[in-house]
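Engineer: Attaching a single structure in structure tokens format; questions to follow.
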Amino acid sequence: MSISLSRLVDKIKPSFTLQMTARAAALRAKGIDVINFGVGEPDFNTPAHIIEAGKKAMDDGYTKYTPGSGMLELKEAIQTKVKNDTGVLYDTNQVIVSNGGKQSLSIACQALFEEGDKVVIFSPYWVSFPEFVRLSGAEPLLVDTVASKQFEPDFDDLHTKIVGGYDFKTTDRSIKGVIINSPSNPTGGVWSDEAIIKMLEISKANNWVVISDETYEELVYDRKFTAIDTLNDVGAEVLTIRSMSKTYAMTGWRIGYAIANEIIVKAMSKIQGQTTSCPNAIGQKASVAALLGDQQPILDMKNKFQERRQVMFDALNSLDGVTCDMPGGAFYMFPDFSAHLNKETKDGKILRDTFDLSDYILDTASVVTIAGDGFGAKGYLRLSFATSSEIIKNGIKRIEESLKELK
């Protein structure tokens with residue numbers, strides 16, 4: 001029997017980050033000591049008081065369906081948390097809780113975009129951004145960034161890409177939105193307030209919806225995080241995505257949320273209700289404790305990440321032919337390894353791109369890195385410092401020895 005799949009399957013790309021994780025697991029199964037700098041989650045366990053809230057939820061019988069867009073108690077906790085952080089008070093009807101920030105992003109794109117539309121995405125980008133857009137039927141419009149400015153938008157390139165006129169007023173009416181991600185995955189970059197304000201002004205002038213992925217909002221190291229809505233004096237249409245995963249070390253609990261215009265939230269709820277129904281009830285109860293409970297474990301994790309950031313920064317910049325700027329947030333480094341491309345391995349293979357380089361490092365040093373080419377950034381590798389300082393030093397040392405073998 002011949003099986004015919006939809007064209008949608010061909011349109012989207014597989015997750016190469018998961019492919020690298022699978023390769024690393026296969027090597028570990030053979031007894032090889034693999035260091036994983038590809039990990040996209042905290043290495044800490046969920047704080048104890050959050051775990052206890054999850055246990056209590058089960059004991060108290062919170063194991064049933066909840067409202068499709070999330071239980072009111074959690075929406076009120078989100079309302080309180082965001083009000084305390086930003087001073088902005090949202091109505092609970094402006095909040096939707098989903099099975100992770102990833103689902104929030106995906107259904108937001110499905111609710112807002114369709115075939116014939118374009119959505120501005122800044123490169124380097126999280127691997128799922130273009131795919132979320134394609135799943136909606138729309139197409140991503142990739143725009144360059146400036147590495148030396150925390151990978152802020154290259155506004156000259158944006159002007160060119162949108163067929164812009166005076167003051168970035170576009171002539172391309174198919175552009176319907178823009179995705180902003182600060183702090184960024186994969187770069188760790190944190191945009192300046194000025195860059196975000198300029199994007200809000202451009203978006204307002206062109207009637208674009210701004211999707212702001214603020215998944216790493218608590219992991220900003222050198223200044224206080226600025227939520228996008230606190231900068232939105234022009235009144236652009238903004239949809240904010242946040243998650244419990246990174247801040248609270250709750251990746252497996254699968255709880256994220258979006259805040260937006262009530263009309264958008266209602267549309268997202270309609271789609272979510274017909275796909276996954278409600279989010280995890282136990283995870284929702286635990287998230288209430290996370291948002292309203294003791295925040296000291298979160299500060300402790302952040303301080304540890306900041307220490308590791310310095311360790312990895314120093315180690316990477318000690319490598320010949322590698323340059324790396326200090327990221328302002330998240331737990332990723334995005335060093336430039338382009339000086340090592342087009343070199344030859346011992347067995348005569350030429351490293352044409354960072355996929356080749358990442359594979360070479362895994363094969364020869366047993367260290368997992370993520371190819372920048374997959375994020376739209378040739379010459380770069382993404383390394384996570386969500387691991388101990390000792391492992392960071394050991395892993396970078398292995399990479400150094402591996403690079404010395406290239407001709």
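The values are calculated or read from the model by the stated rules, or taken from the named source; none is laboratory data. Keep in mind that this is a model prediction, so the values were computed, not measured. Neighbour counts are summed over all protein chains in view; Cβ atoms, including those assigned to glycine, are modelled from backbone coordinates with ideal geometry.
Engineer: Please indicate, with yes or no, whether at least one residue in region 7-29 is touching an Asp or Glu at 6+ places or on another chain (Cβ under 6 Å) and in contact (Cβ under 8 Å) with a residue 24 or more places away in the chain.
Structural biologist: yes
Engineer: Something else now. Go through region 109-132 and give me each residue that's within 15 Å of the chain's Cα centre (by Cα) and outside any loop (DSSP other than H, G, I, E, B).
Structural biologist: Going residue by residue through region 109-132, those that are within 15 Å of the chain's Cα centre (by Cα) are 121-132.
Listed by number, the residues that qualify are I121, F122, S123, S128, F129, P130, E131, F132.
Engineer: Go through the residues of region 84-91 one by one and say whether even a single one is surrounded by 14 or more Cβ atoms within 10 Å (Cβ to Cβ), assigned by TED's automatic domain parsing to the domain that holds V127 and among the charged types (D, E, K, R).
Structural biologist: yes
Engineer: Looking at I399, I391, which is the one that is part of a helix (DSSP H, G or I) and surrounded by 20 or more Cβ atoms within 10 Å (Cβ to Cβ)? Step through it out loud before you land on a result.
Structural biologist: Details: I391 fails: surrounded by 20 or more Cβ atoms within 10 Å (Cβ to Cβ).
When all the criteria are applied, what remains is I399.
Engineer: What residue, among those in region 185-212 that are among the aliphatic types (A, V, I, L, M), part of a helix (DSSP H, G or I) and out of contact with any Lys or Arg (no Cβ under 6 Å at 6 or more places or on another chain), is farthest from V238 (Cα to Cα)?
Structural biologist: My answer is A195.
Engineer: Could you please let me know if A57 is assigned to a helix (DSSP H, G or I), more than 28 Å from T145 (Cα to Cα), of a type in the set (A, V, I, L, M) and not assigned by TED's automatic domain parsing to the domain that holds I264?
Structural biologist: yes
Engineer: Go through region 358-378 residue by residue and tally those that are under 20 Å from F151 (Cβ atoms) and surrounded by 18 or more Cβ atoms within 10 Å (Cβ to Cβ).
Structural biologist: 10
Engineer: Among the residues in region 157-169, are any within 27 Å of F331 (Cβ to Cβ), of a type outside the set (A, V, I, L, M), assigned by TED's automatic domain parsing to the domain that holds K118 and out of contact with any strand residue (DSSP E or B) (no Cβ under 9 Å at 6 or more places or on another chain)?
Structural biologist: no
Engineer: Are any of the residues in region 45-54 of a type outside the set (V, I, T), exposed (fewer than 14 other Cβ atoms within 10 Å of the Cβ) and more than 25 Å from I298 (Cβ to Cβ)?
Structural biologist: no
Engineer: Okay, next question. Among the listed residues I263, I298, I259, I271, which satisfies the condition of being free of Cβ contacts under 8 Å to residues at least 60 places away in the same chain and closer than 21 Å to D213 by Cα?
Structural biologist: I263
Engineer: Next question. Would you confirm whether or not region 367-388 contains a residue that is touching a residue at least 60 places away in the same chain (Cβ under 8 Å) and among the charged types (D, E, K, R)?
Structural biologist: yes
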